[in-house]
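Since the structure comes first, as structure tokens, the remarks are kept for the end.
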Amino acid sequence: MITPAFELTQDPDFLTVKIRVPYAKASEFDVYFEGEDFKFYAKPYFLRQLTLPGRIVEDGREKASYNTDEGTFTIQLPKEVPGQYFEGLDMLTSLLAPKKSRSAKPLVEEMAASAELSEENEEEFDWEMEQIPYEESPPPLQHPYGFGNLRSGVFQRLQDELSEVIDIKDPDQTPAEERRRKRLAAEAAKFEPDHYLADFFEDEAIKHLLKYKPWWIDAHKKMTALQGESHQEHDSPAFVVFSEEEREQMRKFTNKSYLLDKRSRHHIYLGLIDILLAYCYEIRVNEGEKNVESSWNIRKLSATLCWLEVSFSSIHDVLVSFGRRVLCYPLYRHFELVTRAFGDTVMILQLGKAAVLKCLLDIHKIFMESDPAYILNDLFITDYCIWIQKVKSKKLAALCESLQKTTLSKSHMGLELEELEAAAELVQEEEKALKAAGSVSKQQLLCSETSDSEESSSTSSSETEGSDSDEQESSTSEDGEINSSQGMLQEERTAPLIDCNGLRQGTDTSATEVGDGKSKVSLQSTTPAGKLVEELEMQIQSAMRLSEQPEGLATAGCISQEQEEKPVPEPDRFSEDAPGKGNFLEVSPKPNPLLFLCSTNEDEN
């Protein structure tokens, strides 16, 4: 037989049961209800027994209908007491429990326990751990852990998955106090001041995350508004809605009964706060989206899950543990995220156990999709999902009130956060002062450079004027020198030239080099023919006298007509053997054809 999907709703006079039975034979179905019991059968579906939180009655007002398109039966049952509010209609696992497990009479295995094990008989709950004097006792072979400290020896069989799920090694052989000491040491070693200060000063991303509004904020606003209007307390089912997937999760859970003493129940409530804090942080930093880090965030920030912590003595210890882990492990390490998760957890508890169950179901789903985090479902989350459905609302209300009264500050973290922030702010102020001083010095330097440039420009202008006057004077003197040199050159041009033979050369018969030889003046002959004949006669006579002298005693050489036609530069005409002394070229022994030419012309004349 198949257990059908179902949901329950209510109004002041009726309880409505909606059962989904697709492909059922609608012509053949049976419904039974009396007092707190409800049963339904439509082949192949069978809802064996539904234990209701209030009494219903058969008085002729009951109704039933079938929707063929949706395949659902809708059954309206009158309440025995009109206006009575049925609590926990969303707690499907609890509703499916057999009636005997809900009776006041304890089960056989519970009879050996003392009367104080019954949670139902307690009117008030002290959230502070009872102080018990320390007594020496032989250590047990294995130290328990898990929900209500009901498990042990699990990790001996799962050593391969151990390191990926929890941080403690060999939990079966590690006492609770030693786990606590190791956890605190690991957190202190993991804390990074640079990472914390970076998130503290560069908090743009943190501010963005703090603006995110998860689903419980709107639900809490609606509940607060409704309470303000009616001045009555309402349970959360009016504001918390379960999806079909979540309902299916609840139907798959096996109903259990837990034998818990006061100390174990105390640990369960504190562990619940620890898990909810980690879940609220995960939802906020990922803005409600699930990713591969979601499982890691939840189990890493919860000491209950990561270190199998069972030594919390108060709510304050839970908050301090969560705050330290937020500041040591995840990506965003800011104290505002700690306080915001604190406030979110308070809202969830105020919404009631339906909101708590919805969060636990989401955690269960996250762990189921993460290998090997599913082990934590078997150790904690599945039992929490079943247990929370049976918890009285007044217990959660008392827990929420105690949580609201608890205060948490940075000094409680034990990580010297306030000192780090003060030191970092001093450094920032010094840097700002240095930057301000540097900017002032730069401005002064620019001003001084500006004044220096103005002075240099005035100085350069005066020097420019002086240099202009000097240039004028130098140009005047240079012009005088040039004029004098030109006068000397003119004198040299007009002076008669006498060659080595004693003959007078015309001023215009050869090219004269001036300066470096670049400027040349061609001298053309303007001498009359008679004078030329006389000069030729004198040249012939001097040549005849020179020919009578010995060749070795010749003190000068005659310049041939070819050399006159091709003048040699003045530096090449002499070779210096010693400073101030020059060797004259020897006279060529060959007869000068011009001499014979000149003598021939004289004979003819």
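Largest first, the residues Phe380, Phe33 sort by 1.4 Å accessible area into Phe33, Phe380. The HN-Hα couplings worked out from phi for the range 293-306 by the Karplus form 6.51 cos²θ - 1.76 cosθ + 1.60 (θ = phi - 60°) are 8, 4, 4, 5, 4, 5, 6, 6, 7, 9, 5, 4, 8, 7 Hz, whole numbers, x standing for Gly and Pro. Using the Cβ-Cβ distance between Ser411 and Val81 with R0 set to 60 Å, the FRET efficiency from 1/(1 + (r/R0)^6) comes to roughly 0.65. In this structure the amide hydrogen of Glu7, modeled in the peptide plane, comes within under 5 Å of the amide hydrogens of Lys18, none closer than 5 places in sequence on its chain.
As a calculated quantity, the FRET efficiency between Leu331 and Ser27 at R0 = 56 Å, using C-beta atoms, amounts to about 0.40. Restricted to Cα atoms, the range 5-89 shows a radius of gyration and a Dmax of 12.5, 36 angstrom.
With a Förster radius of 56 Å applied to the C-beta separation of Ser257 and Leu446, the computed FRET efficiency comes to 0.10. Across the range 11-18, rounded Karplus estimates of 3J(HN,Hα) from the backbone phi angles (6.51 cos²θ - 1.76 cosθ + 1.60, θ = phi - 60°) give 10, x, 10, 10, 10, 10, 10, 10 Hz, Gly and Pro being marked x. In terms of distances greater than 32 angstrom between alpha carbons, the cross-link table entries Lys79/Lys394; Lys207/Lys392; Lys18/Lys358; Lys190/Lys442 yield Lys207/Lys392; Lys190/Lys442.
One chain, two ends: Glu293 and Leu420. Fully extended at 0.36 nm per residue, the span grows by 42.8 nm beyond their Cα-Cα distance.
Among the GluC sites (Glu not before Pro) in the range 185-225, those placed in a DSSP loop whose Cβ has at most 16 other Cβ atoms within 10 Å are Glu202.
Extending 7 Å from the Cα toward the beta-carbon at both Glu202 and Phe46 defines two label points whose distance is 6.5 nm. Scoring 255-264, 166-175 by mean Cβ neighbours within 10 Å over their residues and listing the highest first yields 166-175, 255-264. Residue-wise HN-Hα couplings along the range 27-43, as the Karplus relation 6.51 cos²θ - 1.76 cosθ + 1.60 with θ = phi - 60° gives them from phi, are 6, 10, 8, 10, 10, 10, 8, 6, x, 9, 9, 9, 9, 8, 9, 8, 3 Hz; Gly and Pro carry x. Are any of the pairs Lys300/Lys410; Lys262/Lys390; Lys256/Lys390; Lys63/Lys390; Lys213/Lys290; Lys222/Lys252 more than 22 Å apart by Cα-Cα distance, and if so, which? Those over the limit are Lys63/Lys390; Lys222/Lys252.
Relative contact order of the range 5-89: what whole-number percent is it, with Cα pairs under 8 angstrom and at least 6 residues apart?
Relative contact order, the range 5-89: 34 percent.
The values are calculated or read from the model by the stated rules, or taken from the named source; none is laboratory data. Computed from a predicted model, the values in this text were never measured in an experiment. Glycine gets a Cβ as well: all are built from the backbone with ideal geometry, and neighbour counts include every protein chain shown. Heavy atoms of the whole protein, side chains included, go into the accessibility calculation; ligands, DNA and RNA do not. Shrake-Rupley method; radii C 1.70, N 1.55, O 1.52, S 1.80 Å.
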